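Trainee: Dropping the structure in here first, questions after.
The values are calculated or read from the model by the stated rules, or taken from the named source; none is laboratory data. In this text, all values refer to a predicted model and were calculated from it rather than measured experimentally. Here the Cβ positions follow ideal geometry from the backbone for every residue, glycine too, while neighbour counts run over all protein chains shown.
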Amino acid sequence: MSGQIFISYRREESRWSARSLNDRLSVSFGPKQIFMDIDTIALGEDFARAIETTVAKCDVLIAVIGNNWLTSKDDQGGRRLDNPEDFVRMEIATALKREIRVIPVLVDGALMPRSTQLPDDLKPLVRRNALQISDISFDGDCQRLAAAIKEVLEKAATERRERDEHQASNGKREADNPSTETPKVVYPSPPQPTEPKSEKPPPPSSGGMGRKSPPKQAIVFLTTAAVLVGGLVYLITIRPHEAPSPQPAAASASPSQFVIAPPTSAPTSFSRVVVPRPSPSISATPLQREVISKTLDEATRDRPWVNSLGMKFVPVAGTQVLFSVWDTRVRDFEIFVKGTGYDATGGMWSIGKDGDKQRGATWKEPGFSQGANHPVVGVSWNDAEEFCKWLTKRERSGGDLPEDREYRLPKDEEWSAAVGLKHEVGNTPGEKSGKIKLYPWDIPQKWDKSWPPPVGAGNYAGEEAKIGDWPTDSAVIEGYYDGYPRTSPVGSFEANLYGLHDMGGNVWQWCEDWYDAQMKNPVLRGASWRVAKPVELLASYRNFGSLAYRGGAIGFRCVVARESSR
């Protein structure tokens, strides 16, 4: 089906929603029919004209509206929508002005704004019927959206076809019925020679002038005049509208300069600028990468940086990385596996009445119920590393991550900083393990009574863990209930001082470092739903596992770091 779809969204808050919509709609309509990155505008191009041109080519515009869409502020503290040059405002206003179908899509529980909250050119938006999309009914909501878009595109295609047929019919009618009246061509009369009154014209001869044919001098004169007049008309009416031909760059241009080559024909769609680069150190950074770098550097606990999978990242004092606020989810790992064909199954240890054994469980079916927002389990250190490499490559190629940043597992000392530990003593993680007697819930303020854990401390092996196939010889924390016998959805428990969830409990988290000087087993931090021993719940406690070990209580958390920080 032909037709174009434009997805308008505010990158700071709704990038994951827009990317998810793009992925689902691409299945129904194909990726070439969907446009969602206006920030690929060429350097030096008039962005207002570029936006208008691109939106004008679309048949439907999807306006993704999140919780902060209406109130989002710029660097000066002004509301973005009040700026006439705000990209989102320009995109939607252009579509409304051109009477292009605009479908508001509400995400993250956002409500439709009132007309009094919008600038004049966006007020008609409130009269558009909106679609609410939620995580619970995401698939069904996307199907409804796709059906609505299909209807719009079919109608647009029909109108284009009828218009083309009408024009073709008119052209054929004109060709079959040419005008019967031939226009009369009027030539200028040749000037008549002045005859002396006292003289008679000489008799005609083959070399003289006759009354019935113009003189040769007159023909030469008229021809010259016609050429001069035609040239003057060309210069006045045509030449001013022609653009000068682009001049090639001089061969001796400085290596520090680059030349943006002009298009050889009118562009039919936006594409990245092709910039000849004389040396590897010279490049033209797209606006998109500049924006991403800036939002990465300016991320805070209250305004996290959100990647293409919807993973949120915040800074942690004492480190140079951004931590994911939660463990990697089933939904994130599933996208990785489906996109690469990576086999993360085989050899997983899972829980049973007779303890932990290899029973054929996998990260997809670990032996207990898992939802899309639960932390993925049954993944080895090798699996986690491959996920980080894939995500780095995916987001760099998509313009969502600067070339000098990468995803990786946290270092042991970074993890300690993120949980709030300071001044640990020891040369290896193993030597530091259990030295500081603080639980995650004791940081930054120690409880008067730290054991058993206070209500809501985290997802550990509380009394509820004894249901189902809990091993008969495994202990639980007497008197503690967290409500989750196995894993819990990420973010179910209160975040710590840096805005990180589950830095104690839910799943063990792989780190980059070796546990000890033997350098055979990487570190695991944070305890899990399987743990009940007080020492193992300490924020300073370190566990370990082999590179290929897959367990039902082990997951991982990502950080975004500069490559030089590895």
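Trainee: Any idea which of (1) part of a loop (DSSP other than H, G, I, E, B); (2) of a type in the set (G, A, S); (3) out of contact with any Phe, Trp or Tyr (no Cβ under 6 Å at 6 or more places or on another chain); (4) in contact (Cβ under 8 Å) with a residue 60 or more places away in the chain is the one A417 doesn't satisfy?
Mentor: Exception for A417: condition (1).
Trainee: Scan the stretch 463-473 residue by residue and report those that are touching a residue at least 60 places away in the same chain (Cβ under 8 Å) and either outside any helix (DSSP H, G or I) or basic (K, R) (or both). So that I can check it myself, show each step before the final result.
Mentor: At the first step, the residues of the stretch 463-473 found to be touching a residue at least 60 places away in the same chain (Cβ under 8 Å) are 465, 468-473.
Matches in the stretch 463-473: G468, D469, W470, P471, T472, D473.
Here is a yes/no grid of residues against (1) free of Cβ contacts under 8 Å to residues at least 12 places away in the same chain; (2) surrounded by fewer than 17 Cβ atoms within 10 Å (Cβ to Cβ); (3) in contact with a strand residue (DSSP E or B) (Cβ under 9 Å, 6 or more places away or on another chain); (4) part of a strand (DSSP E or B):
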position: Y460; (1), (2), (3), (4): no, no, no, no
position: V490; (1), (2), (3), (4): no, no, yes, no
position: Y498; (1), (2), (3), (4): no, no, yes, no
position: D513; (1), (2), (3), (4): no, no, yes, yes
position: A517; (1), (2), (3), (4): no, yes, no, no
position: K520; (1), (2), (3), (4): no, yes, yes, no
position: W529; (1), (2), (3), (4): no, no, no, no
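Trainee: Only residues in the stretch 110-131 that are farther than 23 Å from I149 by Cα count as the first member; pair them with residues that are at pLDDT 90 or above and among the basic types (K, R), Cβ under 6 angstrom, at least 6 apart or cross-chain, and list the lot.
Mentor: S115/K123
Trainee: When both residues are 6+ apart or on different chains and their Cβ atoms are under 7 Å apart, which pairs have a first residue that lies in the stretch 331-358 and is within 30 Å of T472 (Cβ to Cβ) and touching a residue at least 40 places away in the same chain (Cβ under 8 Å), and a second that is among the basic types (K, R) and surrounded by fewer than 19 Cβ atoms within 10 Å (Cβ to Cβ)?
Mentor: Here the result reads W349/K357; S350/R359; G352/R359, each pair linking the stretch 331-358 to a residue that is among the basic types (K, R) and surrounded by fewer than 19 Cβ atoms within 10 Å (Cβ to Cβ).
Trainee: I'd like to check something: does the stretch 379-398 contain any residue that is in a helix (DSSP H, G or I), in contact with a Leu (Cβ under 8 Å, 6 or more places away or on another chain) and at pLDDT below 95?
Mentor: First, the residues of the stretch 379-398 that are in a helix (DSSP H, G or I): 381-397.
Right, trim to in contact with a Leu (Cβ under 8 Å, 6 or more places away or on another chain) and you get 381-382, 384-385, 388, 391-392, 395.
Retained after the next criterion (residues that are at pLDDT below 95): 395.
Looking for residues that are in a helix (DSSP H, G or I), in contact with a Leu (Cβ under 8 Å, 6 or more places away or on another chain) and at pLDDT below 95, one finds at least one in the stretch 379-398, hence yes.
Trainee: State all residues of the stretch 88-104 that are closer than 19 Å to S14 by Cα and in contact (Cβ under 8 Å) with a residue 60 or more places away in the chain; if no residue qualifies, say none.
Mentor: Across the stretch 88-104, the qualifying residues are V88, E91, I92.
Trainee: May I pose another question? Starting from residues that are at positive phi and within 29 Å of the chain's Cα centre (by Cα), keep the ones in the stretch 478-518 and report whichever is modelled with the lowest pLDDT.
Mentor: First, the residues of the stretch 478-518 that are at positive phi: 479, 483, 491, 499, 502, 505-506.
If we keep only those that are within 29 Å of the chain's Cα centre (by Cα) too, we end up with 491, 499, 502.
Values: G491: 90, G499: 94, D502: 96.
The selected residue is G491.
Trainee: Determine which single condition W326 fails, assuming it passes every other condition in (1) surrounded by fewer than 20 Cβ atoms within 10 Å (Cβ to Cβ); (2) in a loop (DSSP other than H, G, I, E, B); (3) touching a Leu at 6+ places or on another chain (Cβ under 8 Å).
Mentor: Exception for W326: condition (1).
Trainee: Checking the condition modelled with pLDDT of 90 or more and either closer than 17 Å to R557 by Cβ or not aliphatic (A, V, I, L, M) (or both), which residue from F323, F270 passes? It would help to see each step written out before you state the result.
Mentor: Numbers: F270 fails: modelled with pLDDT of 90 or more.
When all the criteria are applied, what remains is F323.
Trainee: Right, another one. Filtering the stretch 134-156 down to residues that are touching a residue at least 60 places away in the same chain (Cβ under 8 Å) and under 12 Å from I103 (Cα atoms), which residue is surrounded by the most Cβ atoms within 10 Å (Cβ to Cβ)?
Mentor: I149
Trainee: Being in contact (Cβ under 8 Å) with a residue 60 or more places away in the chain and either part of a strand (DSSP E or B) or surrounded by 17 or more Cβ atoms within 10 Å (Cβ to Cβ) (or both) is the filter here, so list the residues in the stretch 44-64 that pass it. Don't jump to the end; show me each part of the working.
Mentor: Taking the stretch 44-64 and keeping what is in contact (Cβ under 8 Å) with a residue 60 or more places away in the chain, we get 44, 50, 54, 57, 59-60, 62-63.
Matches in the stretch 44-64: A50, T54, D59, V60, I62, A63.
Trainee: Would you check which residues across the stretch 462-488 are small (G, A, S), closer than 24 Å to R359 by Cα and crowded, with 17+ Cβ neighbours inside 10 Å and list them? Spell out the reasoning first.
Mentor: To start, the set of residues in the stretch 462-488 that are small (G, A, S) comprises 462, 465, 468, 474-475, 479, 483, 488.
Restricting the remaining residues to those that are closer than 24 Å to R359 by Cα gives 465, 468, 474-475, 488.
A465, S488 - these are the residues of the stretch 462-488 that are small (G, A, S), closer than 24 Å to R359 by Cα and crowded, with 17+ Cβ neighbours inside 10 Å.
Trainee: Going by what's in this entry, would T345 be described as within 23 Å of D513 (Cα to Cα) and either surrounded by fewer than 21 Cβ atoms within 10 Å (Cβ to Cβ) or not hydrophobic (A, V, I, L, M, F, W, C) (or both)?
Mentor: Details: within 23 Å of D513 (Cα to Cα): no; either surrounded by fewer than 21 Cβ atoms within 10 Å (Cβ to Cβ) or not hydrophobic (A, V, I, L, M, F, W, C) (or both): yes.
Here the answer is no, as T345 does not meet what is asked.
Trainee: Still on this structure: Where residues in the stretch 83-96 are in a loop (DSSP other than H, G, I, E, B) and of a type in the set (D, E, K, R), which of them is surrounded by the fewest Cβ atoms within 10 Å (Cβ to Cβ)?
Mentor: Keep residues of the stretch 83-96 that are in a loop (DSSP other than H, G, I, E, B), which gives 83-86.
Imposing the further condition that a residue be of a type in the set (D, E, K, R) reduces the set to 85-86.
Working: E85: 10, D86: 19.
By that ranking, first place goes to E85.
Trainee: Another question, if that's okay. Can you pull out the residues in the stretch 373-391 that are surrounded by fewer than 19 Cβ atoms within 10 Å (Cβ to Cβ) and either closer than 14 Å to G545 by Cα or free of Cβ contacts under 8 Å to residues at least 24 places away in the same chain (or both)?
Mentor: Scanning the stretch 373-391 gives N382, K389.
Trainee: A further question on this structure: When you scan the stretch 14-35, do you find a residue that is farther than 29 Å from R303 by Cα and assigned to a loop (DSSP other than H, G, I, E, B), even just one? Write out each step before concluding.
Mentor: Step one: of the stretch 14-35, the residues farther than 29 Å from R303 by Cα are 26-33.
Those still in the list that are assigned to a loop (DSSP other than H, G, I, E, B) too: 30.
Yes, there is a match, as at least one residue in the stretch 14-35 is farther than 29 Å from R303 by Cα and assigned to a loop (DSSP other than H, G, I, E, B).
Trainee: Mind listing whichever residues of the stretch 119-144 are within 20 Å of V55 (Cα to Cα), assigned to a loop (DSSP other than H, G, I, E, B) and aliphatic (A, V, I, L, M)?
Mentor: The answer is A130, and nothing else.
Trainee: Name the residue that is farthest from V107 (Cα to Cα), counting only residues in the stretch 66-82 that are free of Cβ contacts under 8 Å to residues at least 60 places away in the same chain and surrounded by 15 or more Cβ atoms within 10 Å (Cβ to Cβ).
Mentor: Initial filter on the stretch 66-82 (free of Cβ contacts under 8 Å to residues at least 60 places away in the same chain): 66-71, 73-79, 81-82.
Remaining after also requiring surrounded by 15 or more Cβ atoms within 10 Å (Cβ to Cβ): 66-70, 81.
Working: G66: 5, N67: 8, N68: 10, W69: 10, L70: 13, L81: 18 Å.
Among residues in the stretch 66-82 that are free of Cβ contacts under 8 Å to residues at least 60 places away in the same chain and surrounded by 15 or more Cβ atoms within 10 Å (Cβ to Cβ), the one farthest from V107 (Cα to Cα) is L81.
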